[in-house]
Amino acid sequence: MRILVIGSGAREHALLHAMSRGEAGHELHVAPGNVGMAALAERHEVVADDPAAVTALARSIDAGLVVIGPEVPLVAGVADALRGAGIAVFGPDAAAARIEGSKAFAKEVMAAAGVRTAHAESIAPGAGEAELAAAVDRFGPTWVVKDDGLAAGKGVVVTDDRAAALDHARAVLAAGNPVLLESFLDGPEVSLFCLVDGTEVVPLLPAQDHKRVGEGDTGPNTGGMGAYCPLDWLPADAVDRIVAEVCEPVAAELARRGTPYSGLLYAGLAWGAEGPAVVEFNCRFGDPETQAVLALLESDLAEALHATATGRLAGLAPLRWREGHALTVVLAAAGYPESPRTGDPIAGAEPGREAEGVLHAGTARDGAGRVVSAGGRVLNVVGVGADLAEARERAYATLAGIDLPGGHYRRDIALPAVEGRIRIPG
Ligand code: GLY
């Protein structure tokens, strides 16, 4: 199959690497991609959130499947345009992608579908200081303050400091977006990715993300500093419960509204005393969890995504997974997340190291042809092992051989799970 992947991060690098494995011999293209993907896929220039441009590119290479990685093109209607042109596309239409694009919409869908989630209030831009302060005082501590729009994982502040909660709410409103205040959901976080074609739901392995920049979950939220899977500390029926209590009801509600979901539904959950409660939905593969989850997939990923795109999930053979565990660690640039520095040369990041777990996110070549940093999250390193401890050893050993001046990464990815420190409330 000739496949075009849209996106340029380590998630898209992991998607390409997974689709390149095995016997099928898929022909891979990526737009815009990054320098690290050069050994796997032909790169094309495109404005990724321009529906007409992506459709023209897919037509020009006669793509049999387009896989859209990030949320911005999905919310912008790129999948709608491709479907309209008769091209198989993995990713929801804009109307269904609102499940990520508008947190208020996601809350409305969950209420209609009877899905457990945090209590929330939306404050519109233009709200006065007294109105905002009164709303903040109806919540917290702990306060959860969200930008009700796409913010690349950085629009959420979770804090016990009322002043910090108010500051973030003011900043979101000043940017012209509604702000969402939520009650805090207690319990460890779980990310479950499901392939959804209308009402058929096929889960992948559950994973856990580490969102804060600092070890011990300190510092500001980021787009994710590392992740691991599967989650041995979850109850045995956890995935079945998330599918039955969260993903199937939401898919059914979207179908009932005439905006059926086709693509990857990412349920971000807290696992509390009563089981799963939704923190957020995303309309695409999670980053960096995907890099760990796909490292364990043995089935042909392209076949699974094509079956989703063409409404044939019910006939797909059960997904096969490698035994063991995987984790990914994000190597971030100096200054990330506030003001990442770019242009630093990276030793040990030449393209072609996917099999060793080296995936590129924010990289480029400079005028001298060196691989340099070109974004906040620069590389992801994946380790696979018989258990999490071994997967950690492998990932950190690979990272030790990579040098990025000023670069930083968390050394405690998956450590609470390895040390048995994850507790489910109640
Ligand atoms: N891992 C967080 C996200 O993908 O949004």
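The values are calculated or read from the model by the stated rules, or taken from the named source; none is laboratory data. The shown structure was predicted, so the numbers you read here are calculated from the model rather than taken from an experiment. Positions of Cβ are generated from backbone atoms using ideal geometry, with glycine treated the same way; all protein chains shown enter the neighbour counts. Accessible surface areas use protein heavy atoms only, side chains included; no ligands, DNA or RNA. Shrake-Rupley method; radii C 1.70, N 1.55, O 1.52, S 1.80 Å.
May I ask for the distance between the Cα centers of the range 280-340 and the range 346-420, given as a whole number of Å?
Measuring centre to centre over Cα atoms gives 17 Å.
So what is Rg over Rh here for the chain, counting just Cα atoms and using Kirkwood for Rh?
Rounded to two decimals, Rg over Rh is 0.94.
Where a Cα-Cα gap under 14 Å defines reach, which aspartates and glutamates qualify for K146, not counting those fewer than 8 residues away within the same chain?
Straight-line reach from K146, under 14 Å: E100, E121, D167, E182, E280.
Tell me the carbon and sulfur percent of the accessible area for the chain, rounded to whole percent, probe radius 1.4 Å.
Accessible surface attributable to carbon and sulfur in the chain totals 50 percent.
Summing Lys, Arg as +1 and Asp, Glu as -1, what charge do residues with Cβ under 13 Å from the Cβ of E303 carry, E303 excluded?
Taking every other residue near E303 into account, the sum is 0.
Can you tell me the length gained on complete extension of the stretch F105 to E131, counting 0.36 nm per residue apart and subtracting the Cα distance?
Extra length from F105 to E131 when fully extended: 7.1 nm.
In terms of modelled amide H atoms, which long-range or inter-chain residues lie less than 5 Å from the amide H of L379?
Residues meeting the amide H criterion: L331, A361, G362.
Can you give me the C-alpha center-to-center distance between the range 174-205 and the range 105-172, rounded to a whole angstrom?
One Cα centre to the other: 15 Å.
Evaluate E = 1/(1 + (r/R0)^6) for A273 and A112, where r is the Cβ-Cβ distance and R0 equals 25 Å; express this FRET efficiency to the nearest 0.05.
With a Förster radius of 25 Å, E is 0.50.
Report the local net charge at G286: Lys and Arg +1, Asp and Glu -1, summed over other residues whose C-beta lies under 12 Å from its C-beta.
Charge balance near G286 sits at -4.
Taking every pair of alpha-carbon atoms in the range 219-371, give the share separated by more than 26 Å as a whole percent.
Every Cα pair in the range 219-371 considered, those over 26 Å come to 41 percent.
With Cβ to Cβ distances under 13 Å as the rule, what net charge do the other residues near A39 carry (K, R +1; D, E -1)?
Result for the local shell: -2.
Leaving out ligands and nucleic acids, and using a 1.4 Å probe, what accessible area per residue does the chain come to in Å²?
With the other protein chains kept in place, the chain gives 37 Å² per residue.
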